[in-house]
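As structure tokens, the structure follows; a few thoughts come after it.
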Amino acid sequence: MGFLDRALSAVVGTKTAAALSRMGAETVWDLLYLLPRRYQEWGELTGVAELVEGQVQSVVMRVLDVQKRQTRSRMWILQVRFSDGSMNASATFFAKNPYMLISHQEKLVPGRLVWVSGKVERFRGKWQFAHPNYEVISEDPQEVSASVTDVSARGGHPPLRVYPASKALPSWRTQRAVDTVLDTLSDADLPESLPPQLAAGLPSRLQAFRDAHAPARAEDGWVARRRFQVEEAFYLQCALAQVRLRSRLRPSPALFDTVFASQLRSQLPFELTDSQREALGTISDALASDVPASLLLMGDVGSGKTVVALLAAAQTLGSGYSAALLAPTEVLAQQHFATISRLMPDLPAELLTASTPRQQRREIEDGIRQSRPWLLVGTHALLGEQVGNLGLVIVDEQHRFGVDQREKLRESALLNPHLLVMSATPIPRTVAMTAFGDLDTVVISARPSGRGTTESFLVPQSNPVWFQRVWQRCLEEVRSGGRVFVVCPKIEAADEGATVDDTVRLIASQPGWSDTDVGVLHGRMSASDKTAAMSAFVDGVTPLLVSTTVIEVGVDVPQATVMVIMDADRFGLAQLHQLRGRVGRGERPAVCLAVTAVGPDSAAWQRLDAFVSTDDGFELAQLDLEYRKEGNVLGTQQSGSRSALRFLRVVDDEDILIATRGPAIAAVEAGLPVQMEAELRRWLAGLEREYLERG
């Protein structure tokens with residue numbers, strides 16, 4: 001085991017190592033890549049005036065004076081006054097024994113420059129730290145009245161490094177640990193980790209670490225990060241290239257018979273768009289080969305991806321193999337099954353979910369054992385089935401289902417089936433390049449003709465006239481034969497915001513609604529109740545359905561013409577676009593009303609304004625990526641507030657991703673050298689390696 005893989009407890013001590021472990025650093029390698037959050041030049045230091053009450057803050061100040069006293073309860077207090085040159089603050093240390101305060105007195109000598117870190121509060125109108133961490137920066141006493149920045153400038157200090165910190169691990173403890181490691185390193189400990197064409201023009205690894213952790217100027221630290229971004233992009237692309245290469249080690253069945261698919265296509269009640277035909281042709285050609293196809297079928301809401309996928313399934317069945325269509329929810333699985341029954345009644349299909357009756361499940365399992373060619377539609381219940389003649393796996397809503405789960409289904413088959421992933425949420429190019437780098441992208445760029453348009457409006461809940469008009473508009477639509485969705489972020493008992501229960505009561509209290517039944521649909525209902533609720537909605541028994549986001553994707557009710565989204569500010573742009581896509585699927589025009597209580601000056605309002613201003617899903621997907629981080633692009637978390645990437649932002653670093661992809665693929669196909677394999681394992685330590693390392 002090399003030095004980079006050594007446990008930190010053997011290098012920096014067990015106490016510091018335990019604190020660093022909570023920051024995600026277990027080895028020397030982890031610590032080296034735990035770079036400062038920012039660099040503070042001495043002229044830009046946080047001052048007392050910028051402190052925020054109740055938060056852990058760090059500020060550089062000079063000690064003014066120190067006083068020790070005993071309270072009536074016989075507790076000893078050491079009070080230290082500091083100044084940043086313009087304002088004062090104090091720190092208080094408590095002890096039962098005066099001798100326990102001696103070490104503080106010896107360090108906090110008047111005139112010394114100290115970096116103080118801790119939770120800050122206002123006490124009697126003044127800033128106070130209670131038992132803070134601190135570090136003496138300069139022991140050379142200066143005139144007390146001199147400003148901190150003036151004194152520091154005369155001393156020529158390099159910028160302060162501010163690391164991720166906690167109460168147990170202030171920034172300077174991380175700095176000390178890093179310095180301990182850096183002082184022992186040489187170029188021999190850090191062999192080159194990049195191919196020559198990528199390493200050219202970049203500093204060596206050792207120099208990059210020195211510039212990042214101990215820069216002479218702040219800009220040196222930021223320049224050094226370019227190397228780490230290239231490293232991360234290269235090894236990310238290597239990981240994806242390995243997944244792709246491993247999937248091709250086992251041949252797939254060649255699905256070349258398109259006669260049955262052509263028959264079903266001729267029976268459709270509509271013509272495919274040029275874009276659908278082009279996408280189907282690409283998929284059909286890929287399935288006809290024994291090279292395992294790994295395809296991402298992407299298109300905007302309502303572009304007709306499902307029909308294309310079903311025709312690909314028909315090509316599979318026509319070639320004598322089965323196909324599986326995997327959906328993230330039972331509602332969506334049932335919707336897919338209903339679509340098949342309506343559009344392609346001659347396509348042999350079975351629905352298999354957790355709520356499938358036992359007898360029906362036995363019959364389906366018997367068919368699986370007999371290798372009968374059919375399309376199995378279901379949820380995660382399909383993961384446990386051994387489908388011996390499985391030729392194609394179709395995964396719907398990849399960003400919600402997760403790469404790990406869809407790979408389980410692919411691996412459960414005796415053959416190596418082709419893979420077709422559908423995403424109803426358009427994906428920006430940079431995300432597709434990272435999260436789906438092992439898939440070939442097929443895009444449906446146009447929507448079918450004959451569908452109604454959907455207008456979108458932003459409704460401020462603070463305007464009672466506008467808010468009441470929402471329910472009047474819904475009533476008008478119901479009375480004209482339409483269907484209305486009302487989506488709420490919560491089911492019940494919310495401290496604030498709209499819930500399904502409250503919204504049902506609100507609608508019932510509106511004029512004209514007393515003789516109209518309102519339906520309810522949410523995730524806590526049983527599968528049979530969900531099915532009954534959707535059937536009643538489609539049949540018009542309950543023409544208005546109050547629901548959670550369980551209807552977000554896949555639900556296809558052509559009669560639905562109004563979508564009301566309560567507390568719309570609580571949803572992301574991609575989710576809002578998906579919800580809007582549930583209406584306007586028939587010939588009648590539709591409307592989407594985004595209701596919000598936020599004000600026009602808020603960032604949330606600006607995001608909603610962008611939503612109602614365009615129905616271009618690709619444009620909204622790019623905006624959504626900019627508002628939110630990209631998530632764990634190699635794992636099951638495809639979006640969200642936390643990114644597993646250390647240095648890259650897929651929004652900003654497309655040039656690096658493009659530059660590293662070719663060299664990474666070439667390196668993997670040629671066989672990664674031992675050094676690069678070791679480096680790849682380190683980079684992937686936090687990125688769900690159990691998925692990536694499958695053979």
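The values are calculated or read from the model by the stated rules, or taken from the named source; none is laboratory data. What you see is a predicted model; the values in this text were computed from it and never measured. Neighbour counts run over all protein chains shown; Cβ positions are idealised from the backbone, glycine included. Heavy atoms of the whole protein, side chains included, go into the accessibility calculation; ligands, DNA and RNA do not. Shrake-Rupley method; radii C 1.70, N 1.55, O 1.52, S 1.80 Å.
Rounded, prolate or oblate, given the Cα gyration tensor of region 212-252, with a/c below 1.5 counting as rounded?
prolate
Normalise the Debye intensity by I(0) for region 193-310, one equal point scatterer per Cα, no solvent, then take log10 at q = 0.20, 0.22, 0.23 Å⁻¹ and round to two decimals.
With one equal scatterer per Cα and no solvent, log10 I(q)/I(0) is -1.08, -1.19, -1.25.
Given the whole protein assembly as supplied and a 1.4 Å probe, what does the accessible area of R588 come to in Å², nearest 10?
About 100 Å², rounded to the nearest 10.
Would you grab the residues whose amide H sits under 5 Å from the one on V459? Only those 5+ places off in sequence or on another chain, please, with H modelled 1.01 Å from N.
For V459, whose amide H was placed from the backbone, the distant partners under 5 Å are A594, V595, T596.
In region 235-318, if the dipole is taken from +1 on Lys/Arg beta carbons and -1 on Asp/Glu beta carbons about the Cα centre, which of S247, T316, T306 is farthest to the positive end?
S247
With a cut-off of at most 12 other beta carbons within 10 Å, and DSSP calling the residue loop, which trypsin sites (Lys or Arg not before Pro) in region 1-99 qualify? Please list them.
In loop regions of region 1-99 (DSSP not H, G, I, E or B), the sparsely surrounded trypsin sites (Lys or Arg not before Pro) are R22, R37, R72, R74, K96.
From the C-alpha gyration tensor of region 161-221, pull out the three semi-axes of the equivalent ellipsoid (sqrt of 5λ each), sorted largest to smallest, in whole Å.
Calculated on Cα positions only, the semi-axes equal 26, 14, 10 Å.
Could you give the dipole magnitude of region 534-617 about its Cα centre, charging the beta-carbon of Lys and Arg +1 and that of Asp and Glu -1, in debye to the nearest 20?
100 debye
With 26 Å as the limit, write out which pairs from K15/K68; K490/K530; K15/K126 have Cα-Cα distances beyond it, or answer none.
Violating the 26 Å limit, Cα to Cα: K15/K68; K15/K126.
If I ignore ligands, DNA and RNA and count only protein heavy atoms, how much of I491 is accessible to a 1.4 Å probe, in Å² to the nearest 10?
About 30 Å², rounded to the nearest 10.
Using the Karplus curve 6.51 cos²θ - 1.76 cosθ + 1.60 with θ = phi - 60°, what ³J(HN,Hα) values do you get for each residue of region 98-111, in whole Hz, with x for Gly and Pro?
3J(HN,Hα) across region 98-111, in whole Hz: x, 5, 6, 9, 4, 4, 5, 4, 5, 8, 8, 8, x, x.
What is the distance in Å between the Cα centroid of region 285-364 and that of region 555-570?
Going from one Cα centre to the other spans 25 Å.
With point charges of +1 on the Cβ of Lys and Arg and -1 on the Cβ of Asp and Glu, referenced to the Cα centre of region 5-94, which listed residue (L8, T92, S73) lies farthest in the positive direction of the dipole?
Of L8, T92, S73, it is S73.
Take the solvent-accessible surface of the protein heavy atoms, probe 1.4 Å, and return the percent of it on region 189-333 that carbon and sulfur atoms account for.
On region 189-333, the fraction of accessible area on carbon and sulfur atoms equals 53 percent.
log₁₀ I(q)/I(0) of region 1-109 at q = 0.16 Å⁻¹, via Debye over equal Cα point scatterers, no solvent, to two decimals?
Results for region 1-109 at q = 0.16 Å⁻¹ read -0.97.
Evaluate the relative contact order of region 1-108 (contact order divided by residue number), counting alpha-carbon pairs under 8 angstrom at least 6 apart; express in whole percent.
16 percent
Tell me, what is the per residue accessible area of region 200-266 in Å², probe radius 1.4 Å?
44 Å²
Could you please state how large a percent of the accessible area of region 1-116 is carbon and sulfur, counting protein chains only and using a 1.4 Å probe?
After summing per-atom areas, the C and S share lands at 48 percent.
For T454, which sequence-distant residues (separation of 5 or more, or a different chain) have an amide H within less than 5 Å of its own amide H, given hydrogens modelled in the peptide plane?
Counting only residues 5 or more places away or on other chains, the set is A590.
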